[in-house]
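J.: Have a look at this one before I ask anything.
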Amino acid sequence: RPKANATFLRRFVWRDLAYWFLWEFPSLPVTSLRPQYEEQIWSGTAAQLKRWQRGSTGFPLVDAAMQQLWQVGWIPNYLRHVVAQMLIEYLDISWKRGLEWFEWTLVDADVAINSFMWQNGGHSGPDQWDFVLHPVNAAKSCDPDGSYVRRWLPFLSQCPTEYIHRPWELPMGRRHGLTPPILLDLDAARKQHCRHVLQLRKRHPEMIARNGHEWLRLPGRKGLLAKVVTRQEFRADTEDFIFYQSRPGRFGRKAAPAAASGRGGRLPDANQAILAEEVLRQGEL
């Protein structure tokens with residue numbers, strides 16, 4: 001008897017969980033599930049948001065994904081994570097702006113799933129993402145030869161593979177017309193964003209459990225609290241990574257596991273395979 005694909009079943013569960021959260025928390029699309037996160041500082045600018053929306057951040061994988069999103073209204077799940085974390089973790093722009101853009105552009109937009117996942121990515125949802133996808137390292141992992149980037153960014157079609165995900169390192173004479181990276185120091189930007197979250201947590205110690213996870217007040221339950229998943233770095237009150245963030249690999253090859261856990265640091269191989277199939281299919285068109 002054939003068995004259903006595990007990834008397929010897992011996404012069914014996530015879908016139903018998202019629907020339940022929207023039913024239980026009707027303000028999910030507009031208000032942080034963890035109310036204290038409404039106070040979070042976001043330092044990103046309107047100009048940076050526009051560059052992200054238009055696919056002109058200067059980071060090829062992010063820009064290729066945003067171009068595909070605008071042109072066809074769909075991008076693979078893995079790239080939804082990549083562009084979301086570029087917006088939140090590096091540009092330090094609220095998840096609400098990302099949710100609004102996805103609702104406007106995605107042909108498969110689903111208010112429950114989009115709200116649930118953007119809130120998780122923005123730290124205010126019930127299950128904070130315990131990983132950060134670096135826009136260059138993620139690109140080397142899921143698009144090692146640059147086929148996807150060349151498909152959606154034709155101006156990079158002749159770019160040598162060694163520079164395809166870092167075109168700003170091309171010899172000076174070949175950089176003409178290229179968009180400079182929107183950020184010069186990604187690690188500093190990520191740490192600044194992390195600092196804002198840690199400052200928020202310090203302002204609300206009453207919402208932090210003994211083990212560093214956070215509390216969520218359940219509506220209509222007479223003050224009943226539920227413990228919600230909180231990222232390791234936030235629990236440890238540090239801006240530095242606790243888990244090794246996976247080294248680049250090729251499609252179908254497992255990424256390096258996290259230092260001490262199976263949760264952080266692994267790239268979703270199923271999503272890489274989906275992206276690989278998308279690149280190959282488009283190459284045949």
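J.: Taking the Cα-to-Cβ direction at K222 and at D187 and moving 7 Å from each Cα, how far apart do the two end points lie in nm?
T.: Going by the 7 Å Cα→Cβ label model, 5.3 nm.
J.: Whole-Hz ³J(HN,Hα) for each residue in the stretch 216-221, computed from phi via Karplus 6.51 cos²θ - 1.76 cosθ + 1.60 with θ = phi - 60°, x for glycine and proline: what do you get?
T.: 10, 7, 8, x, x, 10
J.: Quick one: divide the alpha-carbon radius of gyration of the stretch 171-212 by 2.2 N^0.38 Å and tell me what you get.
T.: Numbers: Rg = 18.8 Å, N = 42, 2.2 N^0.38 = 9.1 Å.
It is 2.06.
J.: Of the options G98, G177, A189, report the single residue whose Cα projects farthest towards the positive end of the charge dipole of the stretch 91-218 (beta-carbon charges: Lys, Arg +1; Asp, Glu -1).
T.: Value computed over the given set: A189.
J.: Here is a follow-up. Report, to one decimal in Å, the Kirkwood hydrodynamic radius for the stretch 1-103 based on all distinct Cα pairs.
T.: 15.5 Å
J.: Find the centroid of the Cα atoms in the stretch 145-159 and in the stretch 22-58, then give the distance between the two in whole Å.
T.: 30 Å
J.: Another question, if that's okay. Say the cut-off is 25 Å between C-alpha atoms; which of K96/K140; K96/K227; K50/K96; K140/K227; K202/K227; K3/K227 go over it?
T.: On the way: K96/K140 28 Å; K96/K227 23 Å; K50/K96 14 Å; K140/K227 36 Å; K202/K227 17 Å; K3/K227 33 Å.
Correct reply: K96/K140; K140/K227; K3/K227.
J.: Please report, in whole Å, how far the alpha carbons of the stretch 82-186 spread along each principal axis, starting with the longest.
T.: 47, 30, 23
J.: Show the residues, 5+ positions off or on another chain, whose built amide H is closer than 5 Å to the amide H of I208.
T.: Correct list: W215.
J.: Still on this structure: At 0.36 nm per residue, minus the direct Cα-Cα distance, what do L106 and E206 gain on full extension? Give it in nm, one decimal, please.
T.: Details: separation 100, 0.36 × 100 = 36.00 nm, distance 3.81 nm.
Full extension from L106 to E206 adds 32.2 nm.
J.: Quick one: if you stick a label point 7 Å off each Cα along the C-beta vector at T238 and W74, how many nm between them?
T.: Taking the two extended label points, one gets 4.2 nm.
J.: Hey, another quick one. Among 32-39, 80-87, what's the highest-first ranking by average C-beta atoms within 10 angstrom per residue?
T.: The packing order, highest mean first, is 80-87, 32-39.
J.: Let me ask something else. Positive end of the dipole of the stretch 125-245, charges at C-beta (+1 Lys, Arg; -1 Asp, Glu), about the Cα centre: which of Q199, P126, L218 has its Cα farthest in that direction?
T.: So the residue furthest toward the plus end is L218.
Any read-out appearing in this document is the output of simple, stated calculations on the displayed coordinates, not a laboratory observation. This structure is a prediction, so every number in the text was calculated from the model and none was measured. Backbone-built Cβ (ideal geometry, glycine too); neighbour counts: all protein chains shown.
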